[in-house]
Amino acid sequence: MNPNQTLVAVCNAFKKLTFTLFFLFACSAFAQVGVGTQNPQATLHVAGANANANGTAPGALAAGDGVIVTRVTDDLSGENITTGCSAATRGALVYSTNDSGYYTCNGTNWVALGGRPDFTSTATLALDGSGGTATMMGNTANNIVEVTTAAFGAATQLTLPAPATNAGRIILVVNGPGGAAVQVTNSYSPSGSIGANSTRAFYCNGVTWFGAE
């Protein structure tokens, strides 16, 4: 290598070193990261396409706006789903495409976001159980459910919302039009039947559902 080539190589190496040091300094100097804004207001600040010039004021929704978190196909609405959840991942956020909901890791298992169900709602949910099954899994809005059963034959198997996220909730189950009985699969006595044109209240203690006799 002649002197000129050596000089060029040294200059290139110096440039790379300078850029690396500048990048490291910038990362350490600015603890806040902005996407779509040069004036981030938090550790991570993502501004929409129609935000104001410095990204500090919101704007109308635009195509491509939003943040996509990890999406999974698992049904996380059941009890004690622990896969991928531990003390080390507490606070992690995922979106279940199975039941269209966001879930966070509490250090032990995945729990739905959005707060507790509305235990005071009197809105009635009508379910068609004439095919033999019906489910309220994931429901947070209805505390009265009317189940339509087959005219005769085996009892309709009804699944109430996951007990783990419904402690203290009371749901009134109405065996409506039809003729067959209704049984609650995730209750303390799943073989107990609700006869035709009958009603039974179920209370959740966070572990299971108890039917009032």
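Observations on the structure shown:
- The peptide list 106-112, 70-76, 34-40, put in order of mean Cβ contacts within 10 Å with the highest first, becomes 106-112, 34-40, 70-76.
- Cβ-to-Cβ counts within 10 Å put R200, R90 in ascending order as R90, R200, the fewest first.
- Region 156-212: chymotrypsin sites (Phe, Trp or Tyr not before Pro) in DSSP coil with no more than 15 other Cβ atoms inside 10 Å: Y188
- Dividing the mean sequence gap of close Cα pairs (under 8 Å, 6+ apart) by how many residues region 124-211 holds gives a relative contact order of 27 percent.
- Amide H contacts of V46 (H built 1.01 Å from N, under 5 Å, at least 5 apart or other chain): V35
- Taking amide hydrogens as placed 1.01 Å from N in the peptide plane, the amide H of T140 sits under 5 Å from that of no residue at least 5 positions away in sequence or on another chain.
- Between the C-alpha center of region 31-78 and that of region 164-213 there is a gap of 43 Å.
- Cα→Cβ-extended label distance, 7 Å offset, between A53 and T70, nm: 4.1 nm
Where a number appears in this text, it was derived from the coordinates with a stated rule and is not lab data. Remember, it's a predicted structure, so these values are computed and weren't measured experimentally. Cβ atoms come from the backbone with ideal geometry, glycine included; neighbour counts cover every protein chain shown.
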